[in-house]
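This report concerns only the one structure given below.
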Amino acid sequence: MITILDLNAEFAKLRMLRGRTPETTPQEREGAFARLAPYRDGAIFTAKFAGDGAWERHPNGDEIVQIVDGATTLHIMTDAGPQSSSLKAGMMAIVPQNTWHRFEAPNGVSLMTATPQPTEHLTVSVDDPRTLDEAG
């Protein structure tokens, strides 16, 4: 069965989460993030936030990220070290499978993702998430 979504209406339902940090609780995130529909082994998600997201990765596949409004810096951790890309409305990024990444959006961003599950999220602020992999 086909799924049709009105993205303008879906984004209008979200509130802007200001001051996001890696330590932001699920209760604080409520209303700023939404799961719109299942997709392959994950789902289509939307989010509106300003601040810094936690490091995350998706062991089962690439994540597609589309910037709908505002701007963000996408930080990814490569084998050679950190890499950052500036993204603005109308741009898309494909984050490779199992790659640690996070978003920094001091002035706010609205984005939509096609995200495979599960997602591994850190709940602490660290410069390099790989150091936690090594500690485990």
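The values are calculated or read from the model by the stated rules, or taken from the named source; none is laboratory data. As the structure is a prediction and not an experimental result, all values here were calculated from the model. Ideal geometry is used to build each Cβ from the backbone, glycine not excepted, and the neighbour counts take in all protein chains shown. Each accessible area value is taken on the protein alone, full model and side chains, heavy atoms only, with ligands, DNA and RNA left out. Shrake-Rupley method; radii C 1.70, N 1.55, O 1.52, S 1.80 Å.
From the list THR3, THR78, pick out the single residue that is open to solvent by 20 Å² or more (accessible area, probe 1.4 Å) and either charged (D, E, K, R) or closer than 19 Å to VAL126 by Cβ (or both).
Just a single option satisfies the conditions, and that option is THR78.
Would you confirm, using the coordinates I've provided, whether LYS88 is at pLDDT 95 or above and exposed (fewer than 12 other Cβ atoms within 10 Å of the Cβ)?
yes
Give the range 52-65 a look and list any residue that's crowded, with 18+ Cβ neighbours inside 10 Å and either among the aromatic types (Phe, Trp, Tyr) or within 18 Å of ALA89 (Cβ to Cβ) (or both), or say none.
Within the range 52-65, GLY53, TRP55, VAL65 meet the criteria.
Across the range 56-105, what is the number of residues that are over 12 Å from the mean Cα position of the chain (by Cα) and in contact (Cβ under 8 Å) with a residue 60 or more places away in the chain?
Result for the range 56-105: 2.
Hey, does the range 38-45 have a residue that's loosely packed, with under 12 Cβ neighbours inside 10 Å and not in a loop (DSSP other than H, G, I, E, B)?
yes
Can you say whether THR46 is touching a Ser or Thr at 6+ places or on another chain (Cβ under 9 Å), of a type in the set (Val, Ile, Thr), modelled with pLDDT of 95 or more and on the phi < 0 side of the Ramachandran plot, as far as the supplied structure shows?
yes
Report whether or not THR25 is within 24 Å of LEU132 (Cα to Cα), among the polar types (S, T, N, Q) and modelled with pLDDT under 95.
yes
Tell me which of these VAL124 doesn't satisfy, since it passes every other one: (1) outside any loop (DSSP other than H, G, I, E, B); (2) of a type in the set (A, V, I, L, M); (3) in contact with a Pro (Cβ under 8 Å, 6 or more places away or on another chain).
Unmet for VAL124, out of (1) outside any loop (DSSP other than H, G, I, E, B); (2) of a type in the set (A, V, I, L, M); (3) in contact with a Pro (Cβ under 8 Å, 6 or more places away or on another chain): (1).
Got a sec? Which of GLU134, GLU104 is surrounded by 12 or more Cβ atoms within 10 Å (Cβ to Cβ) and either assigned to a strand (DSSP E or B) or at pLDDT below 95 (or both)?
Step by step, each of GLU134, GLU104 is checked, and only GLU104 is surrounded by 12 or more Cβ atoms within 10 Å (Cβ to Cβ) and either assigned to a strand (DSSP E or B) or at pLDDT below 95 (or both).
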